[in-house]
Amino acid sequence: MTDEADQRRAADQARELANLMAAAQDGDRRAYAALLQAVTPYLRAQARRYFRNTQDVEDVVQEILLTVHRVRQTYDPERPFMPWLTAIARRRVVDRLRGKGRRETREIVIPPDHETFTEVAANIEPEAPDHSALHAAVAALPPGQRLAVELLKFQDLSLKEASERSGMSVGSLKVAAHRAYKSLRAALSGGGNDA
Amino acid sequence: MRDEVERTKVAADTNRLIDTLVSEARPVRRLRPPLVRAAFWLAVSVAVIAAIAYLHAVREEHGLRHLFGQFADIGFTLQWLASLLTGVTAIVAAFELALPDRSRAWRLLPLPAVVFWFLSIGYGCLTDWVERGPDGFVAGHSFECFGVIVGTSVPLGLFLAWMLRFAGAAWPMETITAGALGTAALSAAGLSLYHDLDASLMILIWHGGTTALVVGVSRMVGRRMMRRRHA
């Protein structure tokens, strides 16, 4: 009973599509729009069987619609519509699969995951930094500040170790280092060097 | 989530495309049935080929009597009918295959005629051998045959390609192969009316070979064109 009803509904639908296409051939734009809207989900479902990428699926659906438009005078309203549409769809899917195959033999697709950063500059091996400007700036510092930088940064000592080594108090080392950073920053950025 | 967003975005593109197509949808004239269209092409082509054959026969002072005298030879008649039948069936197949919803089995239609054609030429080669021995087996060259088959096939083929310009939608290579075979076979049939080749081997080489060449080149050109269109 339900089978019969299903069959009848399918037959009605097939006749409806054939009628819409016949009307579209005669220039009925509303019928044409209804037809294309009606078949697009079906075409999309078919295309999804062959392509995983959403863009590929949609591209092939659009190619099928364009072909349908281009050859719409080849449809004979006496005959069922779906075999006509399916043959066109099949050809476009096959052509696209072949085109994809050809492209893939020539090109290697590198997904973004293979790059460490999407910024191009970040993937370029950095050159060894130029320290001469820094050393010159440090040499130009007053003796207390220079000592603080040398002990804390160049020799990487803790404040306590630096205090023992230099005889300066932790507090005055901090102040000297702070002033040194400030004048180094001024000297290096002011000189146009961004090291 | 991202997939969903992307899917909606590309689906919107498709909806825009549908809107564009609908706005450009002018009324179109439906194609006539394929057999009617094939008959039209065949009528034009047979007229052209017959005219060329007639002009040649008159110019070479053989006259029409010579032309039809050859049909007394049963071997020639069979061979000629086979090439004509190949041409007609291949052209009918091409017109059917050019439509998306016709069966692909149409491509088998010219097959019996092709086999018969080549068998009849092969049989001619055999009788030549029996009658004349190895001496009758000299493969001369006849660039005239080649030139006439190619020269007739190209304009008729272009006319056919124009009539079958929608074939790219479904079975382009099958249509091109059948169309090229039909055009070349008809050209060969027209040619044998006024151009005597005394050895069957030469017919095999120049008629059969040129036909194969026309089909091969057409397929190659067709494939290139398809590839470029969908690159």
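Every number in this text was worked out from the coordinates using simple rules, so none of it is lab data. Source: prediction; values computed, not measured. Using ideal geometry, Cβ is built from the backbone for each residue, glycine included, and neighbour counts are taken over all protein chains shown.
Considering every Cα-Cα pair within the range A:132-190, what fraction, in whole percent, is farther apart than 12 Å? Kindly include the intermediate steps, with their values, before the conclusion.
Working: 1055 of 1711 pairs.
Looking at the range A:132-190, the distances longer than 12 Å represent 62 percent of pairs.
Sorted from fewest to most neighbouring beta carbons within 10 Å, what does the list B:217, A:60 look like?
Working: B:217 14, A:60 23.
So the residues, fewest neighbours to most, are B:217, A:60.
Ratio of Rg to Rh for the range A:2-113: 1.07 [Cα atoms; Kirkwood radius as inverse mean 1/r over pairs].
Taking other C-beta atoms within 10 Å as the exposure proxy, B:205, B:74, B:176 rank B:74, B:205, B:176 from fewest upward. Using the Cβ-Cβ distance between residue A:132 and residue A:103 with R0 = 45 Å, the FRET efficiency computed as 1/(1 + (r/R0)^6) comes to roughly 0.35.
Going by neighbour counts of Cβ atoms within 10 Å, the residues A:182, A:100 line up, fewest first, as A:182, A:100.
Applying 1/(1 + (r/R0)^6) with R0 = 56 Å to the Cβ-Cβ distance of residue A:16 and residue B:219 gives a FRET efficiency near 0.90. Cross-link reach is defined here as a Cα-Cα straight distance under 21 Å, omitting same-chain residues fewer than 8 places apart; for residue A:160 the lysines meeting it are A:174.
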